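Input: a single structure, listed below in structure tokens.
The values are calculated or read from the model by the stated rules, or taken from the named source; none is laboratory data. None of the values given here were measured: they were computed from a predicted structure. Note that each Cβ is placed from the backbone with ideal geometry, even for glycine, and that neighbours are counted across all protein chains shown. Remember, those area values only see protein heavy atoms, side chains included, never the ligands or the DNA or RNA. Shrake-Rupley method; radii C 1.70, N 1.55, O 1.52, S 1.80 Å.
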Amino acid sequence: MTRAPATPAGPGRPRASRARQRQRLIDACISALHVHGPSNTTVEKVVTIARMSPGIVRFYFDSKAAMLVASLEYLAAEFEEQLLGPVGALRATPVPALERLVEIYLGAEIASARKVSVWYSFWGEASSRQEYYDICGQRDARFELLVRELIQRLIEDTGSVQLDADAIALGLIGVLEMLWQGYAFQTESTIDRAQARRRCMAYLRSVFPAQFPAAGGAPDADDLPPGAYANARLHEAERTALFAGSWQFVGLERELAARGDYLTLDVPGARALVVRGPAGLRAFQNACPHRPHALLAARCGRVDEITCTHHALAYDLAGRATHGAAPALSPLELAAVGGLLFVRAATGRPGAQPPAPAVAFHAATLALVAAAPPAVLEVDADWKLVVEQWLDRPGAVAATAAGAEFEGEAQARVAAGWSAARYLALGSPEEPAQPLQSIVLPNQHFELRSGCLQVVLVLPLAPGRCRLYLFDYRVGHEERALRARTYLAARLARLRLAADLALAASIQQGLDSVGAGPSPADRLPAPLAEFRHIIAGLIPGARRHPGDPP
Ligand code: FES
């Protein structure tokens, strides 16, 4: 994992940095385990994925065995934090608790193909390793206890005393296990989580039909009504629930090589200014604390200090006012992931990890430069219609809404010896260049092809209307033929984007005039169904149930 800290040194930084490095090794270890299993995972394979030196492993772990155990403990702690805790807190209301349990157990956060396969590989070796047996066994025992308790309470609440709580709980756990086993042999792009949830809820419905009716409770209809694509109330709800505090791409670390180099970009919740100061990169609101106008109007440049031209206040590159007692610039959170820079408004509360799109692995190996300033486009289509087209392509893999799940497929490919060259092969008869796409929900698309990185951010502008930022980065080839290929790759990406936008605008018109939904829920590819599921789950009233009017 190439996630790197980009905030400056300060009190507590060394400890935070060590924790991040350790976590980076654990993430890489999970990826190596996914590909090689516990027996064949080596320190060398882990550090290759983590892009760290072998010596650093010894700093954090006494042995390879200790690293594997730490990785398993991490997964167990995540299971506790993400599922057992939140669902246990709902135990007084067993119906919502069981719905939540199914939702989380089958969701991308804890049940990515990568993590599920690692759980099974540890179980496979548990008979010969007591630590594995203890950790896996404790997790399973706590889960079984919780499921049994919820079922027992539901039986009592409904007066269904003829039912056997143990047998029903065992049946539910069995259904969940079978679905997890299916995940373990798939890729993120082929896992159909909506279908898995429907199956699980169908089991519960077969036992408690009144408590889990088909059209209510569990989210088994992931279609959105046409009104969801041009509705003022939903527009505001999306901005609050999905965009506020989300990580947004702002540029490349390479663009800020020298002291005083800066980038600016207006993203949801943040008018971002990223600048290289004496202690490294910092991010601030690009707004004067006195009156909120943009301090730096250009997209990029180099400054010695940041000056408010209106009242001549100046700030140093650490954001402090250089004269008087004026307030400092408001900080933003900043993360550098494989050379890709992301910012988000500093909320003061713990939140999602920065996104880690698969392209970051490969973009980090290339000397990319901005081919042009970012283009800004406004489109008569809801932002979701643009994102849905990305998710409707074969092989689309989307990070979760929180952006916390590393794209395990890419890690697995790297671990298995795939190289950037394979993705970026400049075309051979045997193996034509394949584009590598990453989608960071809710709104960012990365495509790497033939030495060209295209990044698109789509932002809600108004109900049924969106704004796009288009970033175009390329490798500066010396050779003419390679330059031509890179130019053609960039042109191809632009042409496809133009086609996407024209189609989105046409669908929007169709929604307004014809009134039909964008596409029936039962024919959606899994990533698109998951996207609608996330939208519908975050925005009460957005979900359309069977039998609802179109
Ligand atoms: S507006 Fe910037 S210092 Fe007054």
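Numbers for the structure displayed
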item: Evaluated over segment 14-208, the Cα radius of gyration and Dmax, each in Å; result: 18.6, 62
item: Accessible carbon and sulfur surface of segment 245-312 relative to its total accessible area, %, 1.4 Å; result: 49 percent
item: Computed label-point distance, nm, for sites ASP304 and ALA462 using a 7 Å Cα→Cβ extension; result: 4.5 nm
item: Computed FRET value (nearest 0.05) for SER206 with GLU125, which takes r as the C-beta separation and R₀ as 41 Å; result: 0.70
item: Segment 236-359, relative contact order [Cα under 8 Å, separation at least 6], %; result: 26 percent
item: Listed residues GLY174, ALA28, GLY55: farthest to the positive end of the dipole of segment 14-208 (Cβ charges); result: GLY55
item: Sequence-separation-based contact order of segment 279-332, relative, with Cα cut under 8 Å and 6+ spacing, percent; result: 35 percent
item: Cα gyration tensor shape for segment 18-74, rounded if a/c is under 1.5, else prolate or oblate; result: rounded
item: Segment 14-208 - percent relative contact order, Cα under 8 Å, separation 6 or more; result: 22 percent
item: Per-pair calculated FRET efficiency, R0 = 25 Å: ARG51 and GLU81 via Cβ, rounded to 0.05; result: 0.40
item: Potential extension, GLN138-ALA66 segment - 0.36 nm per residue separation minus Cα distance; result: 24.1 nm
item: Gained length - ARG494 relative to HIS290, 0.36 nm times residue gap less alpha-carbon distance; result: 69.4 nm
item: For ALA126, net neighbour charge (Lys/Arg +1, Asp/Glu -1) across residues whose Cβ lies under 13 Å away; result: -2
item: Nearest-10 value in Å² for the accessible area of ASP380, using the 1.4 Å probe; result: 100 Å²
